[in-house]
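The values are calculated or read from the model by the stated rules, or taken from the named source; none is laboratory data. Keep in mind the model is a prediction, meaning the values are calculated, not measured. Cβ: placed from backbone, ideal geometry, glycine included. Neighbour counts: every protein chain shown.
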């Protein structure tokens with residue numbers, strides 16, 4: 001009976017690790033506040049414990065909601081994000097790290113009335129390692145921030161960071177609803193698998209009694 005239990009446990013765990021789907025995380029930046037620093041907001045902060053941290057990322061809320069953003073066209077309710085280096089006083093370059101990695105694709109919305117920017121996905125933290133994917137996003141050439149366009153960037157392998165870079169300007173490139181799928185945590189998957197297997201064996205034993 002013991003050998004059979006261990007065999008079933010190994011089988012269930014293997015099936016679980018290969019079949020548990022990862023849930024996409026959509027970063028809307030709602031709740032960070034106007035001119036708030038994102039930092040670890042999604043890394044154990046109020047936004048959740050996704051292992052996602054930002055560098056040089058600040059948010060803005062709509063002027064109609066008491067904020068500083070001169071637009072109301074972002075996909076999430078009232079908040080969007082831009083990159084600003086407070087030490088150099090320059091806009092449009094920053095990054096995000098995902099400690100456990102993410103896979104398949106990166107999706108986001110952006111608005112830029114005058115600047116070209118580059119978004120690059122790397123297979124290591126802090127913009128290091130190999131480039132998995134890169135795209136140049138171009139200005140919409142319309143009135144300032146009148147629309148947000150969606151971009152989806154697919155890649156193979158596991159990514160750990162994204163670098164957003166662009167020409168410095170008084171008008172920043174604005175981002176919103178950044179979506180990615182973190183790699184599932186093995187410990188969580190294993191615990192779920194053991195619990196499911198135990199319930200199955202308990203039900204089987206009850207039928208045998």
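Key figures
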quantity	calculated
Residues of segment 159-175 satisfying the condition of being surrounded by 15 or more Cβ atoms within 10 Å (Cβ to Cβ) and more than 15 Å from residue 118 (Cβ to Cβ)	159, 160, 171, 174
Selection count, segment 97-124, where residues are farther than 30 Å from residue 69 by Cα and assigned to a loop (DSSP other than H, G, I, E, B)	2
Hits in segment 1-47 (condition: within 21 Å of residue 105 (Cα to Cα), surrounded by 13 or more Cβ atoms within 10 Å (Cβ to Cβ) and at pLDDT 50 or above)	22, 24, 25, 26, 27, 28, 29, 42, 43
From the options 134, 156, 112, residue that is more than 23 Å from residue 76 (Cα to Cα), assigned by TED's automatic domain parsing to the domain that holds residue 29 and out of contact with any strand residue (DSSP E or B) (no Cβ under 6 Å at 6 or more places or on another chain)	156
Condition met for residue 196 (over 25 Å from residue 30 (Cβ atoms), surrounded by fewer than 17 Cβ atoms within 10 Å (Cβ to Cβ) and at pLDDT 80 or above)	no
Every residue from segment 134-152 that is in contact (Cβ under 8 Å) with a residue 40 or more places away in the chain and within 24 Å of residue 90 (Cβ to Cβ)	144, 145, 148, 149, 151
